[in-house]
1. Considering only residues that are part of a loop (DSSP other than H, G, I, E, B) and in contact with a strand residue (DSSP E or B) (Cβ under 9 Å, 6 or more places away or on another chain), look in the stretch 47-62 and name the one that is nearest to Thr99 (Cα to Cα).
2. Which of the residues spanning the stretch 63-86 are assigned to a helix (DSSP H, G or I), buried (at least 16 other Cβ atoms within 10 Å of the Cβ) and either more than 15 Å from the chain's Cα centre (by Cα) or within 16 Å of the ligand (Cβ to nearest atom) (or both)?
3. Could you grab me the full set of residues in the stretch 113-150 that are within 16 Å of Lys161 (Cβ to Cβ) and within 15 Å of the ligand (Cβ to nearest atom)?
4. Name the residues in the stretch 41-56 that are within 16 Å of the ligand (Cβ to nearest atom) and hydroxyl-bearing (Ser, Thr, Tyr), would you?
5. Would you pick out the residues in the stretch 87-107 that are more than 13 Å from the ligand (Cβ to nearest atom) and either out of contact with any helix residue (DSSP H, G or I) (no Cβ under 9 Å at 6 or more places or on another chain) or within 22 Å of Ala154 (Cβ to Cβ) (or both)?
6. Looking at (1) within 26 Å of Asp220 (Cα to Cα); (2) without any contact (Cβ under 8 Å) to a residue 40 or more places away in the chain; (3) in contact with a Ser or Thr (Cβ under 8 Å, 6 or more places away or on another chain), which one does Gly97 not meet, given that it meets all the others?
7. In this structure, does Gly131 turn out to be small (Gly, Ala, Ser) and exposed (fewer than 15 other Cβ atoms within 10 Å of the Cβ)?
8. Filter the stretch 189-213 down to residues that are aliphatic (A, V, I, L, M), within 17 Å of the chain's Cα centre (by Cα) and in a helix (DSSP H, G or I), then give me how many there are.
Amino acid sequence: MARRRFSAFLALSASLITLSTLVNISVVEAKSSNSDFVIYHVQTKDPVVFITIDDGSVVTDGLVHLLLKKNIPVTNFVLSEPLKTHWKAFHLIRRPGTTFENHSETHPLMGNLSLAAQTKEICRASNHARGMYKKLPVFFRPPGGSHNSNTEIASKACGIKKIVMWNVEADQGKIVRAGGSPIQRGDIILLHYLHSLESSLKLVLAEIKKLGLRPASLRDYLDPAPVVVTTTTTTTTLPQ
Ligand SMILES: [Zn+2]
């Protein structure tokens, strides 16, 4: 069967947001939170980590081929406009465990916005994602990590079940974990849809393989689907 092709890369509309405001690669600072609604890391005994990719400005052929070949579950935090503009490419990487979540409509720093403005940003982005993806996001990642107590209220009002931060960042040939230790099970790894993503992802995959870890789907651990048990006489839905 002929391999499907699409353009070498798809550039984000210049009218949306400049790249410098999209990318915030800096020293990772994982904080503890009093709320289990905001998570930086997943508590698990399984040898798994979680690949999350933000924004959506550049999607290369090489990246798509890598994701398909390796069958990697990715939790995507793509903004509304690139999700729509690049849907053809994103549609290609869909597989069980790969999901499209909420990263806001226009990438503002949530901590600077009123509750009403935050709610508008998050609910609109969820509606856009549902329009393209046919599923409602259950996770929200605040742009730049900026959030406050109103962000939790706004997220919940829009059907979000967790605010997902991160404790590992990878780009430009480097992997940086909060605290400086090697990647550990349950870590949430942040990458961005940039030209460097393919090489960064290869680096991460090589590193986690070396550590005996594998990528897993965030929804499987934080928002598992109910297990349906069927008997000859009754059908019962149990929490997982
Ligand atoms: Zn972002």
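1. Per the stated criteria, the residue is Gly56.
2. Selection gives Leu63, Val64, Leu66, Ser80, Glu81, Pro82, Leu83, Lys84, Thr85.
3. Those that are within 16 Å of Lys161 (Cβ to Cβ) and within 15 Å of the ligand (Cβ to nearest atom): Ile122, Ala125, Ala129, Pro137, Phe139, Phe140, Arg141, Pro142, His147.
4. Residue satisfying the conditions is Thr52 alone.
5. Across the stretch 87-107, the qualifying residues are Lys88, Pro96, Thr99, Phe100.
6. Failing condition for Gly97: (2).
7. So Gly131 passes the test.
8. The number of residues fulfilling the criteria is 4.
Read-outs: derived from the displayed coordinates by stated rules, not from any lab. A quick note: this is a predicted structure, and the numbers were derived from the prediction, not measured. Backbone-built Cβ (ideal geometry, glycine too); neighbour counts: all protein chains shown.
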